[in-house]
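The structure under discussion appears below in the form of structure tokens.
The values are calculated or read from the model by the stated rules, or taken from the named source; none is laboratory data. This one's a predicted model, so the numbers in the text were calculated from it and none came from an experiment. Here the Cβ positions follow ideal geometry from the backbone for every residue, glycine too, while neighbour counts run over all protein chains shown. Each accessible area value is taken on the protein alone, full model and side chains, heavy atoms only, with ligands, DNA and RNA left out. Shrake-Rupley method; radii C 1.70, N 1.55, O 1.52, S 1.80 Å.
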Amino acid sequence: QVQLVESGGGPVQAGGSLRLSCVASGFIFGTSAFAWHRQAPGKQRELVASIEAPGNTNYPDSVKGRFIISRDDTKNTIYLQMNDLKPEDTAVYYCKLLRSPYWGRGTQVTVSS
């Protein structure tokens, strides 16, 4: 079955960096597109990055220039490099298989000022 397993979250101070990973299985990875979303307490889930199979990426203005999404098709893994983190980046971060109903369970990122 389809599985998406995130890791790499944790506490970090403002200005710091984290790299999230999402290991995928149960489908053909190389032709699939993925996204990272996040959800802060009391807020709606929002897109933070997406990547298509050829590697085209997309970011909202809130993270553009700070976050980088990438993929390693040899490891069936999606990454989210997060730099210059801010307290408002605090949220649970989820990996999603685009154009499908499948989500990971999420990993908590907490940025302290």
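Residues of segment 96-113 that are open to solvent by 20 Å² or more (accessible area, probe 1.4 Å) and not in a strand (DSSP E or B): Leu98, Arg99, Ser100, Pro101, Tyr102, Arg105, Gly106, Ser113.
Residues of segment 16-52 that are open to solvent by 50 Å² or more (accessible area, probe 1.4 Å) and either touching an Asp or Glu at 6+ places or on another chain (Cβ under 9 Å) or assigned to a strand (DSSP E or B) (or both): Ser17, Arg19, Val23, Gln39, Glu46, Leu47. Checked against (1) polar (S, T, N, Q); (2) open to solvent by 50 Å² or more (accessible area, probe 1.4 Å); (3) not in a loop (DSSP other than H, G, I, E, B), Ser70 passes all but condition (2). The set of residues in segment 53-67 that are under 15 Å from Asp84 (Cα atoms) and open to solvent by less than 90 Å² (accessible area, probe 1.4 Å) comprises Ser62, Val63, Gly65, Arg66, Phe67. When segment 1-15 is filtered for residues that are more than 19 Å from Val109 (Cα to Cα) and surrounded by 16 or more Cβ atoms within 10 Å (Cβ to Cβ), nothing remains. Please identify the pairs in which a residue from segment 93-113 that is under 19 Å from Phe34 (Cα atoms) has its Cβ atom under 8 Å from the Cβ atom of a residue that is modelled with pLDDT of 95 or more and basic (Lys, Arg), counting only partners at least 6 apart or on another chain. So the pair list comes out as Tyr93/Arg38; Tyr94/Arg38; Tyr94/Arg45; Tyr94/Arg105; Tyr102/Lys96; Trp103/Lys96; Gly104/Lys96. Contact map, segment 70-85: first residue within 13 Å of Gly55 (Cα to Cα), second residue among the charged types (D, E, K, R) and open to solvent by 60 Å² or more (accessible area, probe 1.4 Å), Cβ cut-off under 8 Å, separation 6 or more or different chains; pairs are Tyr79/Arg19. Among the residues that make up segment 74-95, is at least one of them over 11 Å from the mean Cα position of the chain (by Cα), at pLDDT 95 or above, acidic (Asp, Glu) and surrounded by 18 or more Cβ atoms within 10 Å (Cβ to Cβ)? Yes, there is a match, as at least one residue in segment 74-95 is over 11 Å from the mean Cα position of the chain (by Cα), at pLDDT 95 or above, acidic (Asp, Glu) and surrounded by 18 or more Cβ atoms within 10 Å (Cβ to Cβ).
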